[in-house]
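Notes follow once the structure below has been shown.
The values are calculated or read from the model by the stated rules, or taken from the named source; none is laboratory data. In this text the structure is predicted, and so the values were computed from the model without any measurement. Here the Cβ positions follow ideal geometry from the backbone for every residue, glycine too, while neighbour counts run over all protein chains shown. SASA here: full protein model, heavy atoms, side chains in, ligands and nucleic acids out. Shrake-Rupley method; radii C 1.70, N 1.55, O 1.52, S 1.80 Å.
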Amino acid sequence: MTHLSVNINKIATLRNSRGGNNPDLVKVALDCERFGAEGITVHPRPDERHIRYQDVFDLKKVIATEFNIEGNCQEQKFVDLVLANKPAQVTLVPDVLGQITSNHGWNTLKNQDCLKQIIAVFKAQNIRVSIFVDPVVAMVEAAATTGTDRIELYTEAYASNFHQNKEQAIAPYIKAAEKAVELGLGLNAGHDLDLHNLKYFAQNIPGLLEVSIGHALIADALYLGLENTIQMYKRCLA
């Protein structure tokens, strides 16, 4: 079964908007685990506008499921943070400074050398590495030569086109996933997956190990409650 990793960035955004520690990020992470999530994802950015670097240290102490830290490996501060905490997985995302949210995958051809170097650093510390890629077969093929353990397919294009033509929307993702499986890469996915489009995606993507979902899941939880929402997402993956 595909695992659900809950991205808790939006909880940190809410906390930071008021100051103090309400909602309590650590408690929410532990509750997500208790409600059935198989992992917790955070994506700290240099300005710490949502996840603070101290949050990562606090979470690492208590998380019992898989801890996944996302970020740009071209920022030394991020690299140092990952090495200090040694999560189960680091997901490398090519964000630029000040970017609101991730909006593209790595060009694994142009960035081959730098990816190889940093992936070797993380793997030497027994940290599983996943790299964020667009659903392009050539990018998947080049990812396989970087030494990464997994790729994470960037699913915004699928989500944006799902309601117009779901077969067409998912077609490039199926091809990319098939290539990843052929090359022995583990497969994750994330970005704008929700209760409407997740089940179809999970049913049609071969070898899907994990999805990371934050914004939609937290928004749904406002209406449905966090425990119920996590269970609903897990049923989409069953």
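Numbers below:
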quantity: Solvent-accessible surface (1.4 angstrom probe) belonging to SER17, in square angstrom, nearest 10; calculated: 90
quantity: Mean accessible surface per residue for the chain, computed with a 1.4 Å probe while every protein chain stays in place, in Å²; calculated: 44
quantity: Accessible area, probe 1.4 Å, largest first, for residues ARG49, ARG15; calculated: ARG49, ARG15
quantity: Relative contact order %, the chain, counting alpha carbon pairs below 8 Å whose residues are six or more apart; calculated: 20
quantity: Apportionment of accessible area to carbon and sulfur, segment 155-238, percent (1.4 Å); calculated: 51
quantity: Cut-off 20 Å, label 7 Å out along Cα→Cβ of SER160, residues of segment 176-196 by amide N; calculated: 176-177, 189-196
quantity: Centroid-to-centroid separation of segment 177-238 and segment 38-64 [C-alpha atoms, Å]; calculated: 20
quantity: Relative contact order (percent, whole number), segment 137-207, Cα cutoff 8 Å, 6+ residue spacing; calculated: 42
quantity: With DNA, RNA and ligands ignored, accessible area of LYS179 (1.4 Å probe; Å², nearest 10); calculated: 40
quantity: Radius ratio Rg over Rh of the chain, counting only Cα atoms, Kirkwood formula for Rh; calculated: 0.94
